[in-house]
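Before any comments, here is the structure.
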Amino acid sequence: MGLLDKLKAGLTKTRNVLTKNLDNLVFGKRVLDQALFDELEELMISADMGPQFTYDLIEDVKQRVKRNELQDASQIKKILQERMIAILQQMEKPLNIPKNQPFVIMAVGVNGSGKTTTIGKLSNSLHNEGHDILLVAADTFRAAAIEQLEVWGNRVGVPVIKQKMNADPAAVVFDAVGKIKAGFNGVAIVDTAGRLHTRTNLMEELKKVKRVISRELPGAPHEILLVLDATTGQNAVMQAKMFKEDIGVTGIVLTKLDGTSKGGVVVRIAGELGLPVRFIGVGEGLDDLRIFDSKDFTAALLD
């Protein structure tokens, strides 16, 4: 299966909500009137495109109608596609990781977002590209998180730095930085805790981990990657705002796009937060973590 086909398959649910409904909406010679705009608005919101994007899109369509540039409701799809690409292209910044020098990625996100799995898949693809990898188990509050990371380490064939459960996450990170200072010249990926119900504790803890890394290795962490579960739609946007403000997230991974009809949330995150989407997850397989490409993404949704 080609990349685009795989992406299309992964985005089936969003595609069904968006494209089928959009095609039904503009089918035949629909009059471009307020009733159509109201239905279009409802459709965009249900795909989690967000109020701002929806408003701008409908305003754009109305202006074009006024200027007689739109004769036909079916042209709305093209305008939607253009606007989506315009927003998403700005957020299309693949992670640039230099070879043979230390690069620290701190992975953050709430429990259940697919963080540890994402770290595993990312370490696999970077390892295949020829990077040395070091996994760091700094989520010390869940025994399962440490074990899961070890399983990935074994599967990919890369070392894991860990301590016992409930150890201080900053101490685990300190150990890892020691390895880097001793000559490790690859990518260190740090798994962190994600218990949201104690937000202040969690954020203080993540800040501490970040401080230890920065103090011991000036310039690091080089990337703070926020892993978001696309199935949570609007909640993902709220989480992104929070992590961006508190921790200074530099990039996003959107997981579980294959399990949701809310794939439009990518547009919302890009438009409202201005954070680059580095990767998207479109399936369970090892190679289902994909570098985000705006044209492929919109094509998979709308073509």
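The values are calculated or read from the model by the stated rules, or taken from the named source; none is laboratory data. Keep in mind that this is a model prediction, so the values were computed, not measured. Using ideal geometry, Cβ is built from the backbone for each residue, glycine included, and neighbour counts are taken over all protein chains shown.
Structure above, values below:
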item: Flag if I291 is touching a Pro at 6+ places or on another chain (Cβ under 8 Å) and without any contact (Cβ under 8 Å) to a residue 60 or more places away in the chain; result: no
item: Set I269, I252, I280: member being at pLDDT 95 or above and over 21 Å from T200 (Cα atoms); result: I252
item: Conditions (1) free of Cβ contacts under 8 Å to residues at least 60 places away in the same chain; (2) over 29 Å from L7 (Cβ atoms); number of the one not met by A236; result: (2)
item: Selection within segment 145-200 - among the polar types (S, T, N, Q) and within 18 Å of S214 (Cβ to Cβ); result: T192
item: Qualifying residues in segment 147-191 (those that are of a type in the set (D, E) and not in a loop (DSSP other than H, G, I, E, B)) - the one nearest to A137 (Cα to Cα); result: D191
item: Selection status of M165, within 23 Å of K93 (Cβ to Cβ), aliphatic (A, V, I, L, M), surrounded by fewer than 24 Cβ atoms within 10 Å (Cβ to Cβ) and more than 12 Å from the chain's Cα centre (by Cα); result: no
item: Test: residue in segment 215-226 that is touching a Gly at 6+ places or on another chain (Cβ under 7 Å) and surrounded by fewer than 21 Cβ atoms within 10 Å (Cβ to Cβ); result: yes
item: Residue among E129, E205, E147 that alone is free of Cβ contacts under 8 Å to residues at least 40 places away in the same chain, of a type in the set (D, E, K, R) and surrounded by 18 or more Cβ atoms within 10 Å (Cβ to Cβ); result: E205
item: Number of positions in segment 195-237 that are β-branched (V, I, T) and under 19 Å from F174 (Cα atoms); result: 4
item: Residues of segment 121-162 satisfying the condition of being hydroxyl-bearing (S, T, Y) and within 20 Å of E284 (Cβ to Cβ); result: S123, S125
item: From the options T200, T260, residue that is hydroxyl-bearing (S, T, Y) and free of Cβ contacts under 8 Å to residues at least 24 places away in the same chain; result: T200
item: Tally, over segment 114-124, of residues that are out of contact with any Phe, Trp or Tyr (no Cβ under 9 Å at 6 or more places or on another chain) and assigned to a helix (DSSP H, G or I); result: 1
item: The lone exception for R211 - which of (1) crowded, with 21+ Cβ neighbours inside 10 Å; (2) at pLDDT 95 or above it fails; result: (1)
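Residues checked against (1) under 18 Å from V265 (Cβ atoms); (2) crowded, with 16+ Cβ neighbours inside 10 Å; (3) among the aromatic types (F, W, Y); (4) modelled with pLDDT of 90 or more:
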position: L7; (1), (2), (3), (4): yes, yes, no, no
position: E42; (1), (2), (3), (4): yes, no, no, yes
position: D48; (1), (2), (3), (4): yes, yes, no, no
position: K78; (1), (2), (3), (4): no, no, no, yes
position: V110; (1), (2), (3), (4): yes, yes, no, yes
